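Just so you know, all these numbers are worked out from the coordinates, no wet-lab data involved. Every value quoted in this text rests on a predicted model; they were computed, and no experiment measured them. Using ideal geometry, Cβ is built from the backbone for each residue, glycine included, and neighbour counts are taken over all protein chains shown.
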Amino acid sequence: MTCDEAKILLHALLDNELDAGHAREVEAHVAGCPACAAELAAQREMKAVLADTKLHYTAPPSLRARIEASIPQARPQPSRRSVLRGFAMGSAVSALAASGVVAVVLRQDDQQRILSEVVSAHLRSLQAGHLIDVVSSDQHTVKPWFNGKLDVAPPVIDLTALGFTLVGGRLDYIDARAIGAVVYKRRQHVINLFVSQTTSTERRPPRTQTMQGFNCRRWGERGLNFWAVSDIGGDELAEFVDKFEAAMKANVEG
Amino acid sequence: MPAIDDQQKAERFREAALPYLDDVYTLARYLLRDASDAEDAVQECYLRALKHFDSYRGPAMKPWLFAILRNVCNAEYARRAHRPSAIEDTPGAAEQTPMWQENEASPETAVLRSRDAGAIRKLIDALAEPFRETFVLREINNLSYREIAEAAGVPVGTVMSRLARARAMLRAAWTAEEEQAR
């Protein structure tokens, strides 16, 4: 790698945008090049100072009101009295909403960190010999293997007939906890399905995010959090999740 | 019943797009460097977004709103007389300058002192347009490279080189100011 390339790629390294292979290349170059090492350190420092500074602007309330007013209202025009009452309510509601926004932002940060751990675990699993602890395409072999190793054994469902081959299971670590990973293959592509216990029993619909070129679809159901990670396309991964969910529902009800 | 549909659409739009108002306003402030122009642009952006909400298919609301805001701002640039920026004037010349040049002049890595937000905003405002935009989308609005590429309509490679250049220029201007202060 030349210095010209490194001077661009080191930013992608700082931003966590590089895949493992490129990250190693940049790190190797930086290790042997004092100029690029100094640049990386300087940019890391600037990024840290910027992160500590409030550079966001807040939209003026008058702008918010104008935009609100330009979106058609669902209800007929209220009387003046109820406008006043609505205003008092409105500020209570928006205070709540504001704190809700904070919670959502925090949770997203947290989820972003967990997502990056999930993707790292997926990457680790792709290295030779790390993919599977118990090799079996039989769900009745894989499922009991987890018993005793985890508080809650993940649901293991064979989807071979539906185009996703069950190849085995593995213990992994996400967010400093041991969790189960059920491994599937679609053609030659590996799908890791990470399952962890959660205190929330609320159902969270599946959502796909992309990180470092991997698709990750996560959802929550029956007190479990699921992350399906793979390099297959987003629509194929969605198909996998749909089939998994349908089969799980059938298992529970049947 | 179309009236009900419209109401539902408005409600969905409200839920999906309004939470990003501060983000959109922030980008508008950095792109236009003027508070009242930014307000106008953001309002126009939300009007257009609502109008085109039917055809919105994802992937994410924030980059979609940013892409609309960019179009609004480009119209504003076209209307406005060109304002020269302090650090770099012509993007073309900037791309040709080797970007590590600034650091060769001062090889030791001077430690940046924390500055108040106003001073840093000024330094960012002084960056030339395509670099400022890329920098703000990444560092302040937290978009991924792919999302920036999508919002700005350029390849990811261009995003990477602009970002590297923007950060090098910002850091050079920042250290230069600190030198002067000493």
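Quick notes on this structure:
- Computed over the stretch A:107-253: relative contact order in percent, which uses C-alpha pairs under 8 Å that are six or more apart: 18 percent
- Nearest-0.05 FRET efficiency for A:Asp235 and B:Ala126, computed from C-beta distance (R0 51 Å): 0.70
- The stretch A:3-52 - Rg and Dmax from Cα coordinates, angstrom: 10.5, 31
- A:Thr2, A:Thr198, A:Thr58, B:Thr134 arranged by Cβ crowding within 10 Å, fewest neighbours leading: A:Thr2, A:Thr58, A:Thr198, B:Thr134
- By the count of neighbouring beta-carbon atoms within 10 Å, fewest first, A:Val118, A:Val49 end up ordered A:Val49, A:Val118.
- Gain on full extension, evaluated as 0.36 nm per residue between A:His189 and A:Gln112 minus their Cα-Cα distance, stands at 25.3 nm.
- If you wrap the tightest convex hull around every Cα atom of the stretch A:107-253 and split its volume per residue, you get 110 Å³.
- Electrostatic dipole magnitude of the stretch A:3-52 [Cβ: Lys, Arg +1; Asp, Glu -1; Cα centre; debye, to 20]: 120 debye
- Fully extended contour minus Cα-Cα distance, from A:Thr210 to A:Ala176, at 0.36 nm per residue: 10.0 nm
- Across the stretch A:144-154, coupling constants 3J(HN,Hα) worked out from phi with the 6.51/-1.76/1.60 Karplus curve, θ = phi - 60°, read x, 4, 6, 4, x, 8, 9, 4, 10, 6, x Hz, and Gly and Pro carry x.
- 3J(HN,Hα) from dihedral phi, the stretch A:16-28, Karplus parametrisation 6.51/-1.76/1.60, rounded to Hz, x for glycine, proline: 6, 9, 9, 6, 4, x, 5, 4, 4, 4, 5, 4, 5
- In this simple spin-label model, placing a label point 7 Å from the Cα along the Cα-to-Cβ direction at both B:Ala117 and B:Glu177 gives a separation of 1.5 nm.
- Spatial offset of the stretch B:18-66 relative to the stretch A:225-243 amounts to 31 Å, using the alpha carbon center of each.
- FRET efficiency estimate (nearest 0.05) - Cβ-Cβ, B:Asp5 to B:Arg57, R0 22 angstrom: 0.80
- When B:Arg182, B:Arg167, A:Arg113 are sorted by how many other C-beta atoms sit within 10 angstrom of their C-beta, beginning with the fewest, the order is B:Arg182, A:Arg113, B:Arg167.
- Test item: Cα-centred dipole of the stretch A:107-253, Lys/Arg +1 and Asp/Glu -1 on Cβ, debye: 80 debye
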